[in-house]
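The structure is given below, and queries will be raised subsequently.
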Amino acid sequence: MITPRPHVADLAAYALADLSVAPGVRLISLAQNESCVAPSPRAIEAAARAMADGALYPDPDWTGLRAAIAEVHGIDTAGILCGAGSMELISALIRTYAGPGDEVVSTAYAYALFRTAALASGASYKAADEDDLTVSVDNLLTNVGPKTRIVCVANPGNPTGSCLSRSELVRLRDGLPENVLLLIDEAYGEFANTEACFGLVDRGDTIVMRTFSKAYGLAGLRVGWGLFPPEVAGEVRKLMNPNNIAGPAQVAATAAMRDQPYMLAAVAEVSSRRDRFATTLREIGLDAQPSAANFTLIRFANATEAQSADMALRAKGILMRGMGGYGLPHCLRATIAGEDDMALATQVLTNWKEAHHEQ
Ligand SMILES: *Cc1c(COP(=O)(O)O)cnc(C)c1O
């Protein structure tokens, strides 16, 4: 028998969203935090034009893309790495700095990839308790020990949607030993009202990541980026595929980054629909959590109720994300989609709630 390395054999397969609905039912996916707004027309055009160069390997330095990111965010190009989604960067960062005998620390309801990437690199993983679905800086600091190499925080959090202020993150950074890296994953940073954390990277011990998958509506093109201390960037780059982002994806992301008004309008549209959806759910007695991202976490009384609501939604083709894998089996995470789809989801949940009360 040919066996994989033991820590790989022990890993569970990545838990993808269950996107199956009954035959003939139109699927409405609210399960993957994709944008309901199409990419900027400028991005679509740029990608189409770039197909003419499809015979060539793409730019391994992401020159145009890094220039656009640096200009828009007022940061230096030197520390920017671009990944095939920020998932590639998270995995490469963890593999670069944590292995057997090391530990990665995050929080109870953290983005699942932090744990998976830690275990995949042979490191151990520890989760600090959260306070009411919000990252607790104090609990994180208590959980950091001599083996800790990296602390990961998504801000805003996925699946919680909760957000720490920049000053709380500074307090976290100040409390960490200087040989511990801090990853601040701002995949939903464009949706949050808090100040970006790029300035912290200058300290030499902190990384801030962003993605084109959420606010820019380019999840299908797989482009993420991060601002790293330049020495850290140099090390992480060694473990990445040299030609990791397809040419059309690079130029599409560049054009999308340069079209800030389009992105800001998309974020405003999604955010206001999210708030209206959550308000309506609260009016019918459901516990929709406040969110600074493109989704809302709905908390039910228990796992059975969450499953019952999920079945009612699925019957109409609406797929939310079950949260059992996150230790929140009593919750469903709803990505904000188009107006009509959210109206249908609201209607189904209203009917479900009424039927439920009569029992
Ligand atoms: C969606 C998401 C990402 C990464 O997505 P990519 O598509 O790989 O860029 C990273 N972190 C969090 C918290 C996310 O929700």
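The values are calculated or read from the model by the stated rules, or taken from the named source; none is laboratory data. This is a predicted model, so every value here is computed, not measured. Cβ sites come from the backbone with ideal geometry, for glycine too, and all protein chains shown count toward neighbours. These accessible areas exclude ligands, DNA and RNA; they are computed on the full protein's heavy atoms, side chains included. Shrake-Rupley method; radii C 1.70, N 1.55, O 1.52, S 1.80 Å.
Residue by residue through the stretch 305-336, note down the ones that are open to solvent by less than 10 Å² (accessible area, probe 1.4 Å) and not in a strand (DSSP E or B).
Answer for the stretch 305-336, where residues must be open to solvent by less than 10 Å² (accessible area, probe 1.4 Å) and not in a strand (DSSP E or B): A306, A309, L313, G317, M323, L328, I336.
Just to be sure I understand the filter: pairs with C-beta atoms under 6 Å, separated by 6 or more residues or on different chains, first member in the stretch 344-359 and farther than 13 Å from G317 by Cα, second member assigned to a helix (DSSP H, G or I) and at pLDDT 95 or above. Which pairs pass?
Note: pairs meeting the criteria are T346/T280; W352/A309; W352/A312.
A further question follows. Just to verify a result, which residue in the stretch 80-95, among those that are in a helix (DSSP H, G or I) and open to solvent by 10 Å² or more (accessible area, probe 1.4 Å), is farthest from the ligand (Cβ to nearest atom)? Please lay out each step first, then the result.
Of all residues in the stretch 80-95, those in a helix (DSSP H, G or I) come to 86-95.
Keeping just the survivors that are open to solvent by 10 Å² or more (accessible area, probe 1.4 Å) gives 86-88, 91, 95.
Details: S86: 4, M87: 3, E88: 7, S91: 9, R95: 15 Å.
Going through the qualifying residues, I end up with R95.
If we keep just the residues of the stretch 19-43 that are small (G, A, S) and either farther than 26 Å from P261 by Cβ or touching a strand residue (DSSP E or B) at 6+ places or on another chain (Cβ under 8 Å) (or both), which is surrounded by the fewest Cβ atoms within 10 Å (Cβ to Cβ)? Lay out the reasoning, then the answer.
To start, the set of residues in the stretch 19-43 that are small (G, A, S) comprises 20, 22, 24, 29, 31, 35, 38, 40, 43.
Next, only the ones that are either farther than 26 Å from P261 by Cβ or touching a strand residue (DSSP E or B) at 6+ places or on another chain (Cβ under 8 Å) (or both) stay: 20, 22, 24, 29, 31.
Details: S20: 9, A22: 10, G24: 6, S29: 18, A31: 21.
Looking at residues that are small (G, A, S) and either farther than 26 Å from P261 by Cβ or touching a strand residue (DSSP E or B) at 6+ places or on another chain (Cβ under 8 Å) (or both), I get G24.
A follow-up question, please. Being touching a Phe, Trp or Tyr at 6+ places or on another chain (Cβ under 9 Å), under 25 Å from V8 (Cβ atoms) and open to solvent by 20 Å² or more (accessible area, probe 1.4 Å) narrows it down to one residue among L119, L113; which is it?
Working: L113 fails: open to solvent by 20 Å² or more (accessible area, probe 1.4 Å).
Every option except L119 fails the conditions.
If the requirement is being without any contact (Cβ under 8 Å) to a residue 60 or more places away in the chain, more than 12 Å from the ligand (Cβ to nearest atom) and touching a strand residue (DSSP E or B) at 6+ places or on another chain (Cβ under 9 Å), which of these qualifies: A117, A154, A128, A108?
Values: A117 fails: more than 12 Å from the ligand (Cβ to nearest atom); A154 fails: more than 12 Å from the ligand (Cβ to nearest atom); A108 fails: without any contact (Cβ under 8 Å) to a residue 60 or more places away in the chain.
Exactly one residue qualifies, and that residue is A128.
Exactly one condition in (1) within 16 Å of the ligand (Cβ to nearest atom); (2) farther than 21 Å from A92 by Cα; (3) surrounded by fewer than 20 Cβ atoms within 10 Å (Cβ to Cβ) is false for A265; which is it?
Failed condition: (1).
More than 16 Å from the ligand (Cβ to nearest atom) and either among the basic types (K, R) or free of Cβ contacts under 8 Å to residues at least 12 places away in the same chain (or both): does that describe G199?
Considered against the rule, which asks whether it is more than 16 Å from the ligand (Cβ to nearest atom) and either among the basic types (K, R) or free of Cβ contacts under 8 Å to residues at least 12 places away in the same chain (or both), G199 comes out as yes.
Six or more apart or on different chains, Cβ under 7 Å: which pairs go from a residue in the stretch 266-278 that's touching a residue at least 24 places away in the same chain (Cβ under 8 Å) to one that's assigned to a helix (DSSP H, G or I) and of a type in the set (F, W, Y)? Could you list them?
Hits for this filter: V267/F191; S271/F191.
Follow-up. From the set of residues in the stretch 202-242 that are within 16 Å of the ligand (Cβ to nearest atom) and at positive phi, which is surrounded by the most Cβ atoms within 10 Å (Cβ to Cβ)?
Ranking the qualifying residues of the stretch 202-242, first place goes to G217.
Still on this model: Based on what the data block shows, is T77 free of Cβ contacts under 8 Å to residues at least 24 places away in the same chain and away from the ligand (no atom under 16 Å from the Cβ)? Show your work before the answer.
Details: free of Cβ contacts under 8 Å to residues at least 24 places away in the same chain: yes; away from the ligand (no atom under 16 Å from the Cβ): yes.
Taking the combined requirement at face value, the residue satisfies it.
Separate question: Test A55 against the stated conditions and say whether it is of a type in the set (G, A, S), away from the ligand (no atom under 16 Å from the Cβ), over 27 Å from A337 (Cβ atoms) and assigned to a loop (DSSP other than H, G, I, E, B). It would help to see each step written out before you state the result.
Numbers: of a type in the set (G, A, S): yes; away from the ligand (no atom under 16 Å from the Cβ): yes; over 27 Å from A337 (Cβ atoms): yes; assigned to a loop (DSSP other than H, G, I, E, B): yes.
Considered against the rule, which asks whether it is of a type in the set (G, A, S), away from the ligand (no atom under 16 Å from the Cβ), over 27 Å from A337 (Cβ atoms) and assigned to a loop (DSSP other than H, G, I, E, B), A55 comes out as yes.
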